[in-house]
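> Quick one: the structure is below, and I'll ask about it shortly.
The values are calculated or read from the model by the stated rules, or taken from the named source; none is laboratory data. Just so you know, these numbers come straight off a predicted model, no measurement behind them. When we count neighbours, we look across all protein chains shown, and the Cβ atoms used for this are built from the backbone with ideal geometry, even at glycine.
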Amino acid sequence: MQARAGSRDASPSRDGGGRVRVIGIPFRVDWRWSLGAVAIFITEVFIALRVHDRWVRPYGGDILVVALVHAVVRAAIAWPWRRVLAGTLLFAFTVEGLQALHLIYRLHLEGSRLWSTVLGTSADASDLASYLIGGALVVALELAAERRSRRHGRPKTQTAVTE
């Protein structure tokens, strides 16, 4: 069943760009962003399993996690990149805040390697700085992609979505 234009119906509808809207969110599959997310994820796993130093593992992983979440959301949702990046940083800072509140211990999940890795066990201000550096890296890459698109006469990479 397709939703009527302007309807707040929860059923999906297709717009002209091959996207599916569900409760107003324009879902899509963008293979370029998907491949980028997979490459970043593989890098993150490699860092987690094989790198045991004082810089790449603690800081590089946090820098890359911002790029990873950004790429995953850009692969699935046709929102402007600035909105996606703002949401990504808000998410990262929220997780860090939950670490400061010792959420992993309050939920009695400290024995789980998976949840301890995903949620983290301790908050650190240097993590927040790493997230900001990751955000700056994303901004630089997105702006470079916009310039390249303009130079080659392609449409902007930022998808305008009205609400």
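> Does Ile77 satisfy being among the hydrophobic types (A, V, I, L, M, F, W, C) and over 11 Å from the mean Cα position of the chain (by Cα)?
So Ile77 fails the test.
> When residues of the stretch 47-79 are filtered for being under 17 Å from Ala37 (Cα atoms) and outside any helix (DSSP H, G or I), how many remain?
The total comes to 3.
> Within the stretch 120-147, can you find the residues that are more than 17 Å from Leu64 (Cα to Cα) and in contact (Cβ under 8 Å) with a residue 40 or more places away in the chain?
The answer is none; no residue qualifies.
> Check whether at least one residue in the stretch 104-119 is surrounded by 14 or more Cβ atoms within 10 Å (Cβ to Cβ), modelled with pLDDT under 95, farther than 20 Å from Ser34 by Cβ and among the aromatic types (Phe, Trp, Tyr), and report yes or no.
Yes, there is a match, as at least one residue in the stretch 104-119 is surrounded by 14 or more Cβ atoms within 10 Å (Cβ to Cβ), modelled with pLDDT under 95, farther than 20 Å from Ser34 by Cβ and among the aromatic types (Phe, Trp, Tyr).
> Are any residues in the stretch 110-151 assigned to a loop (DSSP other than H, G, I, E, B) and in contact with a Ser or Thr (Cβ under 7 Å, 6 or more places away or on another chain), and if so, which ones?
Glu110
> Right, another one. With Glu142, Glu110 as the choices, which residue is within 21 Å of Val45 (Cα to Cα) and of a type in the set (D, E, K, R)?
Answer to the check: Glu110.
> Right, another one. I need the full set of residues from the stretch 37-55 which are among the β-branched types (Val, Ile, Thr) and surrounded by 15 or more Cβ atoms within 10 Å (Cβ to Cβ), in order please.
Ile40, Thr43, Ile47
> When residues of the stretch 1-56 are filtered for being at pLDDT below 80 and small (Gly, Ala, Ser), how many remain?
Number satisfying all stated conditions: 10.
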